[in-house]
Every structure is written in structure tokens, then in C-alpha cells.
Amino acid sequence: MDIKGIIFDLDGVLCSTDEYHYRAWKQLADELGIPFDRKINDRLRGVSREKSLEIILEKSSKSYTEEEKRRFADSKNRTYRQLLSELTKNDFPKDVTDTLLRLKKAGKRLAVGSSSKNTPLILERLEIRNLFDAVADGNDIVHSKPDPEVFLLAAKRLGLAPRDCLVVEDAESGIQAGKAGGFYTASVGEAARLGLGDFRLGRLGDLLGMI
Ligand code: B16
Ligand code: MG
């Protein structure tokens, strides 16, 4: 295995914005009187906003029009962006910055591969865009994870083939996307707890001893 590039998922891997997604969806679900908990939330990891809403509405006894669904998704996104507006560079853990810098020093090319349309805002607030050679996100793609589109685009922007890249993910859908695209995969968080991926990481720094 000769890994030349590493593609990091954003929410739940590089930063803890997965918690903000949970809180924003929880607020919407409470307003609509729909049961929603962390177990259901785990199914939303890596999945687009619209698909996430469909999963939440599975527990609803009512059916909603497309227009209502659009309003619900917009409302969740407003709550989420409100939470993001409080992010500063101090919310980006120093050990993650150190890991990324050491990987770069070792000659690895680094990318972000996220389903989120809020990726540019998060990278800007955390002031970390310049750590990456390429970014592919929800604004660039038609199919979200488990489709490999976002990772294939990230690899293309790195100028590397999937077999030369490792995808790091916290979501089952993300590990599936990495595998479908022909990438090596490493899991953290929820995906690691499920035993998914070619490698399991206790923390991001474990990458240093691995590749
Ligand atoms: P947005 P990732 C994903 O980001 C999140 O895991 C998922 O919960 C979210 O629904 C999706 O982005 C879309 O996000 O509403 O901000 O466009 O994990 O692929 O970095
Ligand atoms: Mg994620």
C-alpha cells in the first residue's frame, strides 16, 4: 500500500459539526412533534440534507408536500448556520492541525470530501482551507454518499487515482462510498465503533503511524 493522498470527511472527522447537525435536526423534529434521537441521527451521517429529512419524516404520521419539505430543510439549515456562526479557529483541535501538517511534511496530498453544502463556510470559520490541496463538497455533486461521486472528484482534483488515496470517514454511508470508488478506507467515531473500513482509527493522529 502506497498512499499518496488522504481525503478527509468534514463533519465528524475533521471537526465536531456533526453535533451541530444533530442539534439543528432535533430542534426541527421537536417543532414537528416527530421522535428523533441519536440513533436515528447516526443514519444521517454523510447523507444529504434532503435525504436526511426523508429519514426523519419516516417517523411522522403526516405526509408533507414538497414545498413544506423544502421549508423544513431550509429551517434546519438556518438553525445549523446559526450554530456555525459561533465557530472560531479555536474550535479546530491543535492535534488535528499537527497531524495534517505532519502528513503534508511526509509528502501526502490532502483533500476534503464532504456532502455538506456548508463546507466553504466551515473551512472559512475554522481558517483551515489552506491546509488542503483540494476540496470537493455538496455544492459540486449530484449524488451524496454512499455514492462515491464526492471522493472521485476530490481524487481528481488531487491528480491521483482512487487506489493511491485513503478516505477517512465517520459514517457508514461514507465508508460505503469510499469502497464503491475503489479507495482505501479508514474509520473513526461511529463507523469505527461499527468495525467498518480497512483500518480503524482511535484518533486522527493514528494515521501517522500507519502510512
Ligand atoms: P448540509 P460530511 C454531511 O457532511 C453530514 O454528515 C450530514 O449529516 C449532512 O446532512 C450533509 O453533510 C449535508 O450537509 O446540510 O450542510 O449541506 O459528513 O459528508 O462532511
Ligand atoms: Mg461525516
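The values are calculated or read from the model by the stated rules, or taken from the named source; none is laboratory data. Nothing here was measured: the structure is a model prediction, and the numbers come from that model. Counting neighbours? That spans all protein chains shown, and the Cβs are built from the backbone with ideal geometry, glycine included.
At-a-glance table
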| read-out | value |
| --- | --- |
| Count of region 16-41 residues which are in a helix (DSSP H, G or I) and farther than 23 Å from Q82 by Cβ | 1 |
| L166 vs. criteria in a strand (DSSP E or B), modelled with pLDDT of 95 or more and away from ligand 1 (no atom under 15 Å from the Cβ) | yes |
| One residue from I55, I34 being within 12 Å of ligand 1 (Cβ to nearest atom) and at pLDDT 95 or above | I55 |
| Restricting region 128-166 to residues that are in contact with a Pro (Cβ under 9 Å, 6 or more places away or on another chain) and not aromatic (F, W, Y), the residue that is nearest to ligand 2 (Cβ to nearest atom) | D137 |
| Some residue of region 56-64 being within 16 Å of ligand 2 (Cβ to nearest atom), outside any loop (DSSP other than H, G, I, E, B) and more than 16 Å from the chain's Cα centre (by Cα) | no |
| Qualifying residue in region 71-78 (condition: away from ligand 2 (no atom under 14 Å from the Cβ) and among the polar types (S, T, N, Q)) | yes |
| Condition check for G205: more than 15 Å from ligand 1 (Cβ to nearest atom) and at positive phi | no |
| Given (1) farther than 20 Å from V150 by Cβ; (2) among the aliphatic types (A, V, I, L, M); (3) crowded, with 19+ Cβ neighbours inside 10 Å; (4) within 14 Å of ligand 1 (Cβ to nearest atom), number of the condition L83 does not satisfy | (3) |
| Residue count, region 172-211 (criterion: touching a helix residue (DSSP H, G or I) at 6+ places or on another chain (Cβ under 6 Å), touching a residue at least 60 places away in the same chain (Cβ under 8 Å) and assigned to a loop (DSSP other than H, G, I, E, B)) | 1 |
| Residue list for region 94-127, filter: part of a loop (DSSP other than H, G, I, E, B) and either more than 16 Å from ligand 1 (Cβ to nearest atom) or free of Cβ contacts under 8 Å to residues at least 24 places away in the same chain (or both) | A106, G107, K108, E127 |
| Qualifying positions in region 44-55 - in a loop (DSSP other than H, G, I, E, B) and free of Cβ contacts under 8 Å to residues at least 24 places away in the same chain | L44 |
| Condition met for S187 (within 12 Å of ligand 1 (Cβ to nearest atom) and modelled with pLDDT of 95 or more) | no |
| Odd one out for I3 among (1) part of a helix (DSSP H, G or I); (2) surrounded by 19 or more Cβ atoms within 10 Å (Cβ to Cβ); (3) touching a residue at least 24 places away in the same chain (Cβ under 8 Å) | (1) |
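This table checks each residue for (1) buried (at least 19 other Cβ atoms within 10 Å of the Cβ); (2) among the hydrophobic types (A, V, I, L, M, F, W, C); (3) more than 16 Å from ligand 2 (Cβ to nearest atom); (4) more than 20 Å from I141 (Cα to Cα).
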| residue | (1), (2), (3), (4) |
| --- | --- |
| L10 | yes, yes, no, no |
| S16 | no, no, no, yes |
| G33 | no, no, yes, yes |
| K51 | no, no, no, no |
| E68 | no, no, yes, yes |
